[in-house]
Amino acid sequence: MYICICVGVTESDIKGHIKDGLATMADLMYETGVALGCGMCRLDVERIIMHEKACKTAPQPLNLAIVKPF
């Protein structure tokens, strides 16, 4: 889905850049041009950044299938 129509940046583009290490709005603005036009996408981009950061820091569930009983 397109997040920034002005420069044609998609949600997948933004997530890919975040996974590659761009962690701030300023980083994404510089690299992609997102939110530099009309600015209507800025809150959506910030939401994606927060969501991706939360997913990275969230504890992963235990895989109990690999635990061998005594």
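The values are calculated or read from the model by the stated rules, or taken from the named source; none is laboratory data. Keep in mind that what you see is a predicted model, and the values were worked out from it rather than measured. Cβ atoms come from the backbone with ideal geometry, glycine included; neighbour counts cover every protein chain shown. Protein only, heavy atoms only, side chains kept; ligands, DNA and RNA dropped before computing areas. Shrake-Rupley method; radii C 1.70, N 1.55, O 1.52, S 1.80 Å.
Below is a table of values for the structure above.
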quantity: Contour minus Cα-Cα distance for K19 and I5 (0.36 nm per residue); calculated: 2.9 nm
quantity: Of all accessible heavy-atom area on region 1-57, the percent that carbon and sulfur account for (1.4 Å); calculated: 58
quantity: Charge tally in the Cβ shell below 14 Å around M29, where Lys, Arg are +1 and Asp, Glu are -1, M29 excluded; calculated: -4
